[in-house]
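Read the structure below first, then the notes.
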Amino acid sequence: MADSSPGHLRGLRVAVTGASGNVGTALLRQLTDPSLGVAEVRGLARRRPPDVAPYAGVDWRLVDLGVPAAEDDLARALDGVDAVVHLAWALQPGRHPEQLHAVNVDGTHRVARAAALNGVPHVVHMSSLGAYAAGARDQQVREDWPVTGIPSSQYSRDKSSAERVVRQVLGNRPDTTLTVVRPTLVLQPDAASEIGRYFLGPLLFAAARAVPGPVAQVLPLPLPALRVGFVHADDVADALVRILDRRASGPFNLAAEPTLDADGLARALGTRRIPVPAFVLRAALTAAHVAHLVPTEPGWLDLGLGAPALDTTRARTLLDWAPVHPGDAVLRQFVAALGSGDGASGPLLEPSGGTRHG
């Protein structure tokens, strides 16, 4: 956890959009720690979480970023805050990209405009490795890699567009510090049920919970080989606290070692891999998506195959950040929680929770 002295945490008033989601819940665990001395935490979400830790003691403001009326709600919610951490992001319904765009891109524009109109000194925008253009399998990219996305992925297109929006609205304001955070895949056991519903759908999610032991005895993985990274939500939250504490600007990549290739993924999951051509897997995923067997649209596979691995030198150097949880352990713990149907008490993280943004 970041040292609050001589930084900016003590007495800070911070607003967090998507505060009841995966990263939001992890961030609240830190910001509500009395030792940091944060004066006020405002949580922005569509639904109010239960009055239990880490949601208790947060000033909740109910806002739906996907509708025009959110502008008035945001103007009130961001009045007088010292920093905004914009985490809210919709992953479903993937069959309705216009609804995702309304929340993810238009909603980001509304948050950025409200922050500018309220003169918020520090805005932290949660982006993703999905904003990056495709990279070579054998390289780790730094923050200057093109942020043009992977065109066949709705998620990637929206992440790239959202970054463009925040730069257009806030990038040239001398009184605003703008930070963009680009993590790799963010997991934690508490979010297993939420993420399982988002990507597996009810049938496969139920099957995953019903099968004991490893995910499967064999696992089909695409050729060319994958290179995938993972990072624990608590480690991302720690980086966010350090960013707030130091009022650090610019982009930051976040990932934990090791980056896993196909063999590493299979080892982490306790399975054997079967190499399968990527076009075969994409065809199968497309068919399952069209048949409404899974909510995951094929662009997610394109993103998995094309997204580059991340060089985290800047975060480690400027923030003194080092992830506590190894990436392969993060994956193992998440899959174990997925199989047991674990979740948490928030409206998105609970095992029977909702399917939209936090």
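Some points to look at:
- Taking a ≥ b ≥ c as the square roots of the Cα gyration tensor eigenvalues, the range 31-79 comes out oblate, since a/c reaches at least 1.5 and a/b does not exceed b/c.
- Inter-site label distance for Thr286 and Arg13 at 7 Å from Cα along Cβ, in nm: 5.3
- Going by neighbour counts of Cβ atoms within 10 Å, the residues Ile274, Ile150 line up, fewest first, as Ile274, Ile150.
- Among 87-96, 323-332, 64-73, the order from most to least packed when residues are scored by Cβ within 10 Å on average: 87-96, 323-332, 64-73
- Computed over the chain with a Gaussian network model linking Cα atoms closer than 10 Å, the most mobile of Asp33, Asp235, Asp158 is Asp33.
- Separation of alpha-carbon centers, the range 95-172 and the range 220-252, rounded to whole Å: 15
- Dipole in debye (nearest 20) - the range 244-295, about Cα centre, beta carbon charges: Lys, Arg +1; Asp, Glu -1: 60
- Cα shape, the range 240-358, gyration tensor, a/c 1.5 rule: prolate
- When the Cα positions of Leu87, Thr176, Leu310 are compared along the charge dipole of the chain, Leu310 comes out farthest toward the positive end, with charges on each C-beta of Lys, Arg, Asp and Glu.
- Dipole magnitude (debye, nearest 20) for the range 73-134, charges at Cβ of Lys, Arg, Asp, Glu: 100
- Calculated from the structure at hand, Cα extents along the principal axes in Å is found among (1) 54, 39, 38; (2) 66, 39, 38; (3) 55, 47, 39 as (1).
- Karplus-derived 3J(HN,Hα), 6.51/-1.76/1.60, for each residue of the range 228-235, Hz, glycine and proline x: 10, x, 9, 8, 6, 4, 5, 6
- Bridge orientation summary for the chain: considering DSSP beta bridges with both residues in this region, about 5 percent are antiparallel.
- Computed magnitude of the charge dipole of the chain (debye, nearest 20; Cβ of K, R +1, Cβ of D, E -1): 460
Computed from the coordinates by the stated procedures, all read-outs in this text should not be read as laboratory data. Quantities reported herein were computed from a predicted structural model and do not represent experimental measurements. So basically every Cβ, Gly included, is an ideal-geometry build from the backbone, and we count neighbours across all protein chains shown.
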